[in-house]
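Data block below; observations after.
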Amino acid sequence: MDLTSGCVRDEPLDVVYAKAFVGGSGLAARYVYEMVDGSTDPLGPDNPLVFMTGPLVGTAMPAAGRCTVCALSPLTGIWGEANTGGFIGPELRFAGYDGLIITGQADRPTWLSVVAGRARLHDATDLWGKDTYAAQEQVRGLLGEPRARVACIGVGGENLARMAAVMNDHGRAAARTGMGAVMGSKRLKAVAFRGSSRVPVADVDALSQVTREAMAFADEDMSAIAIRLAGTAGSVDTMLMYGNLPIRFYQRAEWDPASDLSGVLMAERFQNRNRGCYRCPIACGRETRAPRYGADRVDGPEYETLGALGSLLMINDLEAVIYAGHLCNLLGLDTISTGATVGLACEMFERGVLGSASTGGIEMRFGDADMLHRIIPMIARREGFGDLLADGSAELAKRFGAPELAVTVHRLEVPMHDPRAFSGMVVSYALSPRGACHLQGDMYGVDMGQASEPELGIPAGDRFEVSEQKGRIGARSLAWSNLYNAMILCRFLMPGAECVKRALNAVTGWDLQTPDLLVLGCRIVALKRLLNARRGLKRCDDRLPDLLLEPLDGGATEARVPDVDVLLAGAYAEFGWDPQTGMPTRDTIDALGLRVHFKT
């Protein structure tokens, strides 16, 4: 789809690409690799915006209801991807497509419909400026399809806030890396999907058997049961116990009021009901309410939002945090980057780096929920001081001469998991292709026994261990997570590598063996690494921010700080990357079969 010319062209799925990179963010990266270079402007018309599903999406496999949105990131300048649940992924496949590649820039606000194998552009002038909930409802009305699934941006994306999200299915979000700003730069307000095509499956009987096993696993797995009962918010107390929940901009080990943000309390006081994605037996989503603010239906918040807009900012008023998350959903902002950037501003204000003259008279203070509710719309609309915050933490800190205060990796704000509590997160953050990410190698989950995969050499271990072997395990976890984001499966359902392999073979007709899974994951990670190198990423960028390398007094982290160099040495060795350049060696490129795909 070229928005500049209005031209729509159907292309068959490249089966060679799909066999090598599977789908999701892996397949999207393969297409984007050919379309961008080091000079491509992430907010320019030449940056392709990709909506991509995977081979398991829309099939009977449980927890395969996801979609990935990819492009060069306007926040980081490198590879950007955001993964969302809900129903848009399956509906895109039912509409007859595995993915969409959108290029160019419309001359006026536009929305796109993809219905039963036909894509059409529509005028979105009347939609521009609408919040994400209103936009989704209005698009369904315009389309005359009340059951259509809609992905859209809010005013954050329209105003090119670099932390803008793409929202879908009420409050579901492809939130990270600023994909909403890319969509806004193309003047594309929304994309609607509707169809009734059947997703092709090579061996229906084999998939049925795997599906029954996966469903039985979800019924018995303690992690899945816990998430079903209290959502991801239910992990607040556990993460607090481990010292994993960041407090006061990553600088305090303990804070008793953080327990006020408990998912159990949220369920008791503010929860309306559970929400699940397509064919998901877990239903981690939560519909809540914030009556004090006149909000009867709020999507979420989940764990990351409670941390970013709560404990990170020293706000323990649960209802106020729920409402802050709701504002981000309405306006289309990533809650992690929003909370972290506001937290940075509070830290800079308290240190005297920022003054009232810079903030427009706003007192940026920790613990101030009213300030947070005021500043979020200002970020989305790029009003006053919000205009500076809208470019993210790295840019804010650089602008005021304090880059050491930005808690980012590759310019992406660090999520709500502290590597001082789980040392393996060093690899997850430093080598994640999109910057700091808890979903591309969640080593906290591995060492808690929730995301371990012994069959793939990813065992649970000592959470404080610092060794090259731990770095190798972190690299395998990163590869496994990247394959998960390619198939695409939700990380909350982890029935084991053998089960996943059989599901993938049943759907595609491939003959993968269990060791092949990590090869696929490593190939995807290497491809994204090469793409990032083209964008200027270097070995020296693989680092943690200064504030995360300072020991915390007291608390569950026991004043420990991980040794980044040791852990990364193990990860580079596992991936077959040159430890001096941080890039895949020629032998690795050949072993992964990358040379046959493109020149390196």
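The values are calculated or read from the model by the stated rules, or taken from the named source; none is laboratory data. It should be emphasised that the depicted structure is a prediction, and the values quoted were computed from it without experimental measurement. Cβ: placed from backbone, ideal geometry, glycine included. Neighbour counts: every protein chain shown.
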Among residues of region 573-594 being closer than 17 Å to Y33 by Cβ and of a type outside the set (V, I, T), the residue farthest from the chain's Cα centre (by Cα) is G593
Residue set I375, I362; condition out of contact with any Leu (no Cβ under 8 Å at 6 or more places or on another chain) and either without any contact (Cβ under 8 Å) to a residue 24 or more places away in the chain or β-branched (V, I, T) (or both); output residue I362
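Is region 319-326 home to any residue that is closer than 22 Å to F385 by Cβ, in a helix (DSSP H, G or I) and touching a His at 6+ places or on another chain (Cβ under 7 Å)?
yes
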Of the listed residues (L531, L548), the one being closer than 26 Å to A340 by Cα and assigned to a helix (DSSP H, G or I) is L548
Scanning region 413-428 for residues that are part of a helix (DSSP H, G or I) and not β-branched (V, I, T), the one nearest to the chain's Cα centre (by Cα) turns out to be S428
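Quick check: anything in region 429-451 under 14 Å from the mean Cα position of the chain (by Cα), under 25 Å from D565 (Cβ atoms), assigned to a helix (DSSP H, G or I) and among the small types (G, A, S)?
Looking through region 429-451, none of the residues is under 14 Å from the mean Cα position of the chain (by Cα), under 25 Å from D565 (Cβ atoms), assigned to a helix (DSSP H, G or I) and among the small types (G, A, S).
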Matching residues in region 214-257 (of a type outside the set (A, V, I, L, M, F, W, C) and either under 11 Å from I282 (Cβ atoms) or not in a loop (DSSP other than H, G, I, E, B) (or both)) number 15
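For region 168-213, give me the residue count where each residue is part of a strand (DSSP E or B) and over 24 Å from the mean Cα position of the chain (by Cα).
1
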Filter region 116-156 for residues that are part of a helix (DSSP H, G or I) and either among the β-branched types (V, I, T) or in contact with a strand residue (DSSP E or B) (Cβ under 6 Å, 6 or more places away or on another chain) (or both); the one that is surrounded by the fewest Cβ atoms within 10 Å (Cβ to Cβ) is L143
Item to complete: Consider F51 carefully, then state whether it is closer than 30 Å to L389 by Cα and in contact with a Gly (Cβ under 7 Å, 6 or more places away or on another chain).
Response: yes
Exactly one of A345, A390 is touching a helix residue (DSSP H, G or I) at 6+ places or on another chain (Cβ under 7 Å), in contact (Cβ under 8 Å) with a residue 60 or more places away in the chain and more than 30 Å from D563 (Cβ to Cβ), and that residue is A390
Of the residues in region 235-247, those that are under 15 Å from R560 (Cα atoms) and either surrounded by fewer than 21 Cβ atoms within 10 Å (Cβ to Cβ) or of a type in the set (D, E) (or both) number 1
*Going by the structure shown, is I375 of a type in the set (A, V, I, L, M, F, W, C) and either more than 30 Å from D260 (Cα to Cα) or part of a helix (DSSP H, G or I) (or both)?*
yes
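Results for (1) crowded, with 24+ Cβ neighbours inside 10 Å; (2) in a loop (DSSP other than H, G, I, E, B), shown as yes or no for each residue.
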site: V264; (1), (2): no, no
site: R273; (1), (2): no, no
site: R292; (1), (2): no, no
site: P301; (1), (2): yes, yes
site: T305; (1), (2): yes, no
Checked pairs for region 414-433, first without any contact (Cβ under 8 Å) to a residue 60 or more places away in the chain, second small (G, A, S), C-beta under 6 Å and 6 or more apart or across chains, list as S428/G441
Counting only residues that are crowded, with 16+ Cβ neighbours inside 10 Å and farther than 16 Å from E347 by Cβ, region 248-258 contains a total of 2
The condition of being buried (at least 24 other Cβ atoms within 10 Å of the Cβ), at pLDDT 95 or above, outside the structural domain of G58 (by TED's automatic domain parsing) and more than 21 Å from V57 (Cα to Cα) holds, among A503, A526, A479, A533, only for A526
Considering region 368-412, residues that are at positive phi and within 22 Å of the chain's Cα centre (by Cα), and then whichever is surrounded by the fewest Cβ atoms within 10 Å (Cβ to Cβ), we arrive at R411
Per the filter on region 122-170, residues under 25 Å from A390 (Cβ atoms) and in contact with a His (Cβ under 8 Å, 6 or more places away or on another chain) are Y133, Q136
